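A short write-up of the structure that comes next.
The values are calculated or read from the model by the stated rules, or taken from the named source; none is laboratory data. It should be emphasised that the depicted structure is a prediction, and the values quoted were computed from it without experimental measurement. As a convention, Cβ positions derive from the backbone with ideal geometry for all residues, glycine included, and neighbour counts pool all protein chains shown. To get the accessible areas, we keep the full protein, side chains included, count just its heavy atoms, and leave off ligands, DNA and RNA. Shrake-Rupley method; radii C 1.70, N 1.55, O 1.52, S 1.80 Å.
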Amino acid sequence: MGLSAVHSAAVLGINAYEVRVETHLEGNLPHFVMVGLPEGAVRESKERVQAAIKNSGFIFPLKRITLNLAPADIRKEGAAFDFPIAVGILAASGVLQNTGLEQVTIIGELGLDGSVRPVQGVLPIAVMVARQKNRGLVLPRGNAREAAMARDLKVYPVDTLREALDFLQGHQKIDPFVVDIQSVFTHQVPGAVDFSDVKGQEHVKRALEVAAAGGHNVVMIGPPGSGKTMLAKRLPTILPPMTLQEALEATKIHSVAGLLKPGASLITCRPFRSPHHTISDAGLIGGGTVPRPGEVSLAHHGVLFLDELPEFKKNVLDVMRQPLEDGKVTIARAAISLTYPASFMLAAAMNPCPCGYHTDPNHACQCTGQMIQRYLARISGPLMDRIDIHLDVPAVPYRDLSSTSNGENSQQIRSRVIQARNRQLARFREHPHLYCNARMESRETRQFCRIDRDSHALMRNAIQSLGLSARAYDRILKLARTIADLDGCGEISASHISEAIQYRTLDRLQIL
């Protein structure tokens with residue numbers, strides 16, 4: 001009779017928890033029982049483990065093998081338990097002698113030949129193990145760079161099961177894998193897109209600069225070919241660089257979703273996600289039988305671009321209200337509730353009418369007023385209320401298209417955005433939950449967006465004569481605060497209010 005325990009780990013949401021792989025061997029009748037709510041690939045691990053042990057030159061014990069994955073009340077998914085299960089069986093059978101298994105956590109998938117293969121969700125596991133002092137992480141070599149992003153953690157990469165056993169028994173030395181986190185973080189590949197590529201549309205560029213400076217959501221309305229998608233793709237290039245903490249958070253989400261490129265260890269550029277309008281609500285906010293992060297979480301600390309906004313299903317758009325408001329998504333199931341971070345900038349694009357040419361002077365619109373109203377009504381008022389900037393994007397005139405001069409590049413615009421963000425951080429130093437103007441609640445808006453008599457008169461006139469809705473009032477104040485920050489002004493003036501009003505097209509036209 002033999003008994004062993006191996007430390008492993010699994011991911012729940014984007015955080016990891018410890019799993020203790022307990023193995024018990026007895027009797028002489030071969031049988032394999034696994035308990036602890038194993039699912040899918042975990043149940044299939046028996047065949048992979050048996051073949052890997054034999055092809056690594058070891059004898060698979062012909063006994064009754066009972067495996068328990070504790071805690072036993074949480075479902076286990078994935079192939080990352082192959083490696084610790086194999087080690088546990090060899091330890092319980094006496095092949096692996098007293099090796100100090102208490103000092104390491106083991107994860108990895110096994111090939112039938114005994115090779116150790118990379119798995120998903122390594123960074124959250126590495127962060128969890130790093131909190132447990134004096135504990136190392138033994139894992140596939142292909143995951144070593146990602147795991148090394150966790151500070152104060154000894155990462156031991158292996159290629160085969162036999163190599164791992166030699167290391168655990170002290171017969172082979174493996175140096176901990178080390179990465180200079182700061183150098184990885186500061187090394188960014190130059191972007192393939194730049195604002196200097198965009199011809200004309202200077203007022204649109206200005207509006208996107210305001211959006212980036214204050215973290216404001218934006219919707220662009222214009223005919224086909226006016227450059228809405230081209231502009232949206234360049235929005236991440238003018239956002240402030242990611243901090244190391246933001247990079248780690250974004251990397252954890254992409255690691256859990258299995259979207260990290262081979263050899264990649266850290267996401268250093270702000271994500272840009274652009275799902276197709278046929279996406280489901282589970283695909284957008286996350287979910288599934290085994291919950292996975294959706295597009296709103298994959299865009300965490302970056303930009304979520306929804307092209308052809310009215311073409312999205314109404315229920316899909318409405319589920320975005322919570323993440324737009326709270327910066328997170330909660331997915332509730334009968335047995336579990338998970339929360340994924342989802343703090344992103346929403347950039348949306350839409351045509352002004354079904355045919356797209358309602359505002360284009362060069363093409364005749366074939367749509368009736370009722371058709372236009374029905375088309376725009378696909379976007380609910382509560383969702384549009386969460387979008388600060390409504391922006392007209394007209395067709396580009398020929399003189400701009402044929403111009404050989406280039407406008408400002410992304411780096412020049414980004415420098416002004418960074419200065420404006422720094423002013424906001426200084427202003428919000430006693431409000432650590434705030435990092436940009438768009439995140440202000442009503443109380444903070446009243447505190448930081450005070451306006452003078454002339455601005456009050458302008459706002460009153462705008463609401464009464466231009467038909468601006470009452471719900472637009474706070475949005476205009478926040479926008480004006482951001483415009484003042486870009487100008488380096490401590491106080492909001494009437495000129496800032498005037499510009500902010502211009503960014504509320506849909507309210508002004510009374511089409512919602």
Residues in the range 332-352 that a label on GLU311 would reach, taking backbone N under 11 Å of a point 7 Å out along Cα→Cβ:
350-351
Quote to one decimal, in nm, the extra length available between GLU202 and GLU102 on full extension: 0.36 nm per residue of separation minus the C-alpha distance between them.
29.8 nm
Antiparallel content of DSSP bridges confined to the chain, in %, to 5:
50
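Please arrange LEU29, LEU338, LEU458 by accessible surface area, largest first, computed with a 1.4 Å probe and ligands excluded.
Per-residue accessible area, sorted high to low, gives LEU29, LEU458, LEU338.
Report, in debye and to the nearest 20, how large the dipole of the range 316-459 comes out about its Cα centre when Lys and Arg carry +1 and Asp and Glu carry -1 on their Cβ. Please list the in-between numbers first.
Numbers: 18 positive and 14 negative charges, 94 e Å.
The calculation lands at about 440 debye.
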If you average the sequence gap of Cα pairs under 8 Å that are 6 or more apart and divide by the length of the chain, what percent do you get for the contact order?
13
Over the range 273-347, with a single point scatterer placed on each C-alpha, what log10 of the ratio I(q)/I(0) does the Debye formula yield at q = 0.11 1/Å?
-0.24
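Given the Cα atoms of the chain, and with Rh set as the inverse mean 1/r over their pairs in the Kirkwood sense, what is Rg to Rh to two decimals? Walk me through the numbers before you get to the answer.
On the way: Rg = 27.8 Å, Rh = 25.7 Å.
Using only Cα positions, Rg/Rh for the chain is 1.08.
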Positive-end residue, the range 162-298 charge dipole about Cα centroid, Cβ charges, pick of GLY263, SER196, ILE253
SER196
Once SER280 and ASN134 are pulled to full extension, the length gained, defined as 0.36 nm per residue separation minus their Cα-Cα distance, is 48.1 nm
Among all cysteines in the chain, which have no other cysteine Cβ under 4.7 Å from their own Cβ?
CYS269, CYS355, CYS365, CYS436, CYS449, CYS489
Could you list the square roots of 5 times each eigenvalue of the Cα gyration tensor of the range 130-223, that is, the equivalent ellipsoid semi-axes, sorted largest first and rounded to whole Å?
49, 15, 12
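Restricting the count to DSSP beta bridges whose residues both fall in the range 1-130, what percent are antiparallel, rounded to a multiple of 5?
Values: 20 of 27 bridges.
Here the share of antiparallel DSSP bridges comes out near 75 percent.
How much length is gained on full extension from ILE418 to GLN169, taking 0.36 nm per residue of separation minus their Cα-Cα distance?
Gain in length upon complete extension: 84.4 nm.
Probe of 1.4 angstrom, ligands and nucleic acids ignored: what's the accessible area per residue over the range 141-227, in square angstrom? Each step should come with its number before you reach the end.
Values: 3790 Å² over 87 residues.
With the other protein chains kept in place, the range 141-227 gives 44 Å² per residue.
Percent of accessible area on the chain owned by carbon and sulfur, 1.4 Å probe? Can you show the working numbers first?
Numbers: 11590 of 22890 Å².
With neighbouring chains kept in place, the figure for the chain is 51 percent.
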For the range 371-512, count all C-alpha to C-alpha pairs, find those more than 28 Å apart, and express that count as a whole percent of the total.
30
Two-decimal Rg/Rh of the range 289-398 from alpha-carbon positions, Kirkwood Rh?
1.07
With each run of n ≥ 4 DSSP H residues scored as -39500 (n - 2.57), what mean residue ellipticity at 222 nm is computed for the chain after dividing by its residue count and rounding to the nearest 500 deg cm²/dmol?
-10000 deg cm²/dmol
More than 21 Å apart: what percent of Cα pairs in the range 8-105 qualify?
30
Could you compute how much accessible surface CYS367 exposes when probed at 1.4 Å, giving the result in Å² to the nearest 10?
20
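Taking only protein heavy atoms into account and a 1.4 Å probe, give the accessible area per residue of the range 31-100 in Å². Please report the intermediate quantities before stating the final value.
On the way: 2980 Å² over 70 residues.
Ligands and nucleic acids excluded, the result is 43 Å² per residue.
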